[in-house]
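Take a look at the structure below.
Coordinate-derived values only; no laboratory data. All values reported here derive from a predicted model rather than from experimental measurement. Reconstructed Cβ throughout: ideal geometry from the backbone, glycine too, with neighbour counts over all protein chains shown.
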Amino acid sequence: MLLYALRRLLLALPILLGITFVSFIVIHLAPGDPVAVTGDPDAPLTKEAREALIKEYGLDQPLPVQYWRWVSRLVRLDFGRSFSPDGRPVLEKIAERLPITLLLNVIEMLIIVAFAVPIGVLSATRQYSLFDKVTTVFVFVGFATPDFWLALLLIILFAVQLGWLPPSGLRDPNAEYLSFWTQRFDFVKHLVMPIAVATFGGLAGMSRYMRQSMLEVVRQDYVQSARAKGLSEGVVIGKHALRNAMLPIVTILGLSLPGLIGGSVIVEYIFAIPGMGQLMVQAVFERDYPVIMGNLVIVAALTLVANLFADVAYGLVDPRIRVGRRRR
Amino acid sequence: MRTSGWLLDTLASVALVALVLGGCGSEASVGMDTPRAAADAKPAHGDTLIEASFSNVSGLIPNITSDSASHRVGNHLYTGLITRDGDLKIIPDLAESWEFSRDCLHLTFHLRKNVKWHDGQPFTADDVLFTYRTMIDPRTPTAYRDDFLAVRNIEAPDPYTVRVDYAQAQAKALASWEFWMLPKHLLEPWAKQGKLREAPQNRSAPVGTGAYRFKEWKPGEKLVMTANRDFYMGRPYISRIVVRVIPSQATIFLELKARGVDYTETMTALQYTRQTSYPAFRKSLNKYSYPSNGYTYLGFNLRDPRFRDRRVRLAFAHAINKRELIDGVRQGLAREASGPFKPGTWAFNPDVQPVPYDPARAKLLLAQAGWVDHDGNGIVEKDGHPFRFEILTNQGNEERRRVAEIIQAELKDIGVAAEIRVIEWASLLKEYIKKRRFEALVLGWGVGSDPDQTSVWHSSQMGPDQLNHIGYDNPVVDELLERGRSSCHEAERAPIYHRLHEVLAEDQPLVFLYWGESLPAVASRVHGIVPTTNGILYNFEKWFVPKELQRFTSG
C-alpha cells in the first residue's frame, strides 16, 4: 500500500509540471497584459514607466525564459510577487485568504455529508414514499435555485427584515471593542447565511447520488441473502448495504477536495467574504500572472493529492480493490 | 477638502477618471433628497463612520496607485499643498499662501509651519522637493507624472518656502500641487531604489499629514483609520472610519438598509429612484445627487472613411434620443451632454445645446452623404456596401451595454445596422482600442480638475498608448487646445474653452451622450454634509454626529 502510494506520488510530479506548463501558456495567450490594465485609461502610464514595469515583471523576456524562471523559483517554493500596486508576495496573499475559504468549505462539506447520507438512504429504502417525493422536490428546487438569488433573499429576510443576522462580511466593523466571547458569537453569526447558501445546492446533488447508489445496492443478491439470514433491516442497510453504497460518494468527495481551497465566487461576492474566490477573480481581471499561477499550482497539487487519497480510501472501503492489487 | 483632482471614480472602477473640474458650481443640479433641519445640531467629536467600497484598496501610497478606493483612502491619510472647496476653488492646504507671477512662470509656496507627519516629524519644504523628485523619477510606477515634468526648476530657499519655475506657462501648474505629499524621512531609501511599492508605508504603515491616521488594513475585508487629533486644520469630528470592501452593489444596498454601512459613494439609479422612497429608509438615510465627473459617449474610429464624414456623425447624433436614453438607463438621473466640459463649471459654454433628436434630419444627412436604401431592405447603402458596423463596450457595465442596445435600435430606424460586442476590459484595451481595431465604442471619459483636454483631442496624441484613440485631427481644435493650456488665468482661458466647446459640438467627433449623476447615501445621523458640484466628501472633516445620535462610543 505504502509503495503504491509512493509510486503514485512520483508519477504526480511530471503531471504537475505539465499542468503548470499548460496553464502558463494559456494565461499568457489570453489577450490583455498586466501593464495595460495598471492604471486608469484616462491617465495611462508614460512609456518609460510602462517599460520599467515590464522589465521589473520580466515580461520583456521570451515566454520560454519567463516560464523557466518561474518554474525554477517555484522549485524553491518562491511564488513571486503580485503585480498589483501593493507588490506583496503571492504566498502571503494566498495565506491571508486561504483560512476563511477552507473553514467555510470544510464546514459546508461536513454538513452536506451529514445530511445527504441519511436523506439519500431514507429516500432509497422508502422509494416513492411521501418522504422520497418531498426530498425529490427539494432536490430539484435546490438544483434550480441560483446561489446569488437565494443569498439576496436570505439577506433581505434575516438581516434587513428580522435583523437576526448581519447581512455580509466576517466580523462586526467594531469587533475589536467587543468581548472575547461576543466576538466569537459575532463571527459565527456572520457565517450562518454563507454556509446555508453554499450547502443548499450541494446538499441536493449529494443526497441524490446517495439515493441512486443505495437503490442499486439494495437490489443486489447479497442484500437479499443478508435479509434471508434473518438480519434486522437496520443491520442489513446500515452495515451491509451502506458501506457499498458509500463508494461512489467517496469518489465524489475526493474529487471535491481541491474545491475546498477554490472558494465559491458567488457566495464570496454577495457576502463580501475576502476568500480565495475573490482573490482569483480579481487576479484574472488584472492579469496578475503570479497570483493566478500560484493559485493554479496549489489547486493542481491538491487535486493530485486528493486523487491519491481517494484511491487509498477506496482500498479501505472496498476490500476487492486491495485484493485485486495484491494479485497484480 | 480631500476630494482631489486625481480620482478614478467609476462604478466598474475602470472607466472614468474623476479629475474634478475647476470653476463655480452655480448651475449644476446638486441636491439632497431628504432635507432636514441640521442647523440646530451641535457638532461633537466621536462615532465611527462605516463606508462601503466596491473594490479593494490596492496600496497605501496613493501616488503609485490608480484605483478609486486607494485614492479615497489616500485623501484621508495624505494632503497636498493646495486643495479645492465646494465650489472647486483652489484654497490653501499644506501651503498657507502662494504667489504666481503674472506670466505664469514662477510659483512660490509659503508652507504652513508646525505641520507634523503622523509619526511626529515636521513637514518641510524638503518633503515637497522629495515628492516632486519621486514623481518625475522614471522608476516610480505612477500614472500622474506629466504635470510635474513641466517644472523647469524647483528649490527651497528655506524650510517653509518652495519656489517652482516653469519653462512655459502651464494652465495646470498650480492645480498639480494638489497632489499628495510624501514623507522624505521614511520613503527616500525606497524611492531611490525604485521600490516604493515594497516600502512598509505602502502596505502596513503609511505616514501622511492627513486628517486621519492609519490603524489597520485587512486586504479584501476592511481598512480602519482614526482621527488625527493634531491635524493642522483642526481635529476632525468623526473619530473613526472603517472602509469595508463589499463587491456587490446589491449587498451594499442591503447593508445600508440594515444599518451595517453608513456611507456609499453611489447607488444605482434604480435604487435611488424606486427602492429608497419609503419612510424607514428616509428616516435612517439621506440620499444626495450631484453631477459626476464623466460623460458617456458613442465614439467612432475616424480612420474609417464612413465616420470621417461629419454628416454621418451628425446623422447619428440626431438619430439618438438622449432624453429617452437617460430615462431608460439612468431613470432620468443624468443630463444631456452638449460637449466634453462638465456642466456648471467655468469652461462649460451654456449657449451650446445638445444635438436635438430629429430622425428625419438624420436620414436627410445620411442621404446627403450618399447613404441611401436602394434595394429597400431597410439598410442604407453606398457604392453597393450596406452600412453595417460594430459597437464595442466593456464587460461589467450594464449601463453601457444598455446604452449600446438603445442606440442600436435607434440607428436601425435610420437604416444603419449596428452589432454590439461586449468585451472584457483588459482585452478591449489591449486588443481593440490600443490596436485601433474598432469601428465604434460606447465608453466614458472622465474630466479633469482642469478643462485642458489636450490628451484626448489633440492630433499629436494618436500614438498607440495615447488617448486620442478615435484619431481626431482638427487644426482648429489643436490651436484652441494649445492656447487654452498656455495660460494660468481663468479669465483668459474661459473664452477659449467656450469656443472649443462650440467647435466640438458642431463637429461631433463623437456623439456626446450624457453626464450621469453620482448618487451617494449617508446615514442620517451624520450632519454637516453640503452637496456641491464638488460632491460631498470635500468637507469630510466637518461632518459630525451630534452627541445624542452617536452609535459607536469607540474612538
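Quick notes
- Under a model in which nothing but the beta-carbon of Lys, Arg (+1) and Asp, Glu (-1) is charged, chain A shows a dipole of about 2020 debye around its Cα centre.
- The mean number of Cβ atoms from other chains found within 10 Å of a Cβ in peptide A:172-179 is 5, as a whole number.
- Taking Cα atoms only, the orientation of helix B:125-136 departs from the longest principal axis of chain B by about 30 degrees.
- Sorted by Cβ density within 10 Å, fewest first, the residues A:Ile249, A:Ile119: A:Ile249, A:Ile119
- Each of A:Leu165, A:Met109, A:Val134 was scored by the projection of its Cα onto the charge dipole of region A:99-183, and the greatest displacement toward the positive side belongs to A:Val134; charges sit on the C-beta of Lys, Arg, Asp and Glu.
- Taking 7 Å steps out from each Cα toward its Cβ at A:Leu3 and A:Asp60 produces label points 5.5 nm apart.
- When +1 charges are put on Lys and Arg Cβ atoms and -1 charges on Asp and Glu Cβ atoms, the dipole computed for the protein assembly as shown relative to its Cα centre reaches about 3800 debye.
- Per-residue average of Cβ from other chains inside 10 Å of A:86-96: 4
- DSSP finds beta bridges in the protein assembly as shown, and of those with both partners inside it, around 80 percent are antiparallel.
- Lys, Arg +1 and Asp, Glu -1 on Cβ, resulting dipole of region B:247-346 about Cα centre, debye, nearest 20: 280
- Footprinting exposure proxy for B:Asp373, B:Asp47 (fewest neighbouring C-beta atoms within 10 Å first): B:Asp373, B:Asp47
- Classified by the C-alpha gyration tensor, region B:407-454 has an oblate form. Its axis ratio a/c, with a ≥ b ≥ c, is 1.5 or above, and a/b does not exceed b/c.
- For region B:55-210: rounded, prolate or oblate by the Cα gyration tensor [a/c cutoff 1.5]: rounded
- Other-chain or far-sequence residues with amide H under 5 Å of B:Asn228's (modelled H): B:Tyr212, B:Arg213
- Relative to the longest principal axis of the Cα atoms of chain B, helix B:398-413 runs at roughly 20 degrees.
- Distance from region B:146-181 to region B:300-366 (C-alpha centre basis), Å: 38
- Label separation (B:Gln168 vs B:Arg551): 5.2 nm, computed from points 7 Å beyond Cα along the C-beta direction.
- Lysine pairs in chain A whose alpha-carbon atoms fall under 27 angstrom of each other, counting only those eight or more residues apart or on distinct chains, come to 5.
- Taking every residue in B:60-71 and counting other chain Cβ atoms within 10 Å of its Cβ, the average works out to 3.
- Measuring nothing but how far apart in sequence close Cα pairs (under 8 Å, 6+ apart) lie, relative to its length, chain B scores a relative contact order of 25 percent.
- Computed [θ] at 222 nm, deg cm²/dmol, chain B (DSSP H ≥ 4; -39,500 (n - 2.57); rounded to nearest 500): -7000 deg cm²/dmol
- Protection-proxy order for peptides A:274-280, B:273-279, each taking the mean of Cβ atoms within 10 Å per residue, highest first: A:274-280, B:273-279
- Loop trypsin sites (Lys or Arg not before Pro), region A:220-256 (other Cβ atoms within 10 Å of the site Cβ: 15 or fewer; DSSP): A:Lys229
- Residue with peak Gaussian network fluctuation, chain A [Cα springs, cutoff 10 Å], from A:Asp33, A:Asp147, A:Asp221: A:Asp221
- In region B:138-221, Cα pairs under 8 Å separated by at least six residues give a relative contact order of 21 percent.
- Distance between the 7 Å Cα→Cβ label points at A:Arg69 and A:Gln224: 6.9 nm.
- Counting only DSSP H runs of at least 4 residues, each contributing -39500 (n - 2.57), and dividing by the residue count of chain A, the helix-based mean residue ellipticity at 222 nm comes to -24000 deg cm²/dmol.
- Residue by residue, region B:367-374 carries 3J(HN,Hα) couplings of 4, 4, 7, x, 9, 10, 7, 7 Hz when phi is fed to the Karplus relation 6.51 cos²θ - 1.76 cosθ + 1.60 (θ = phi - 60°); x denotes Gly or Pro.
- Between the Cα long axis of helix B:475-485 and the first principal axis of chain B there is an angle of about 10°, rounded to the nearest 10.
- Ascending count of other beta-carbon atoms within 10 Å, so fewest first, for A:Asp172, B:Asp67: A:Asp172, B:Asp67
- Taken over region B:214-345, lysine pairs spaced eight or more positions apart, or on distinct chains, with alpha carbons under 26 Å apart number 8.
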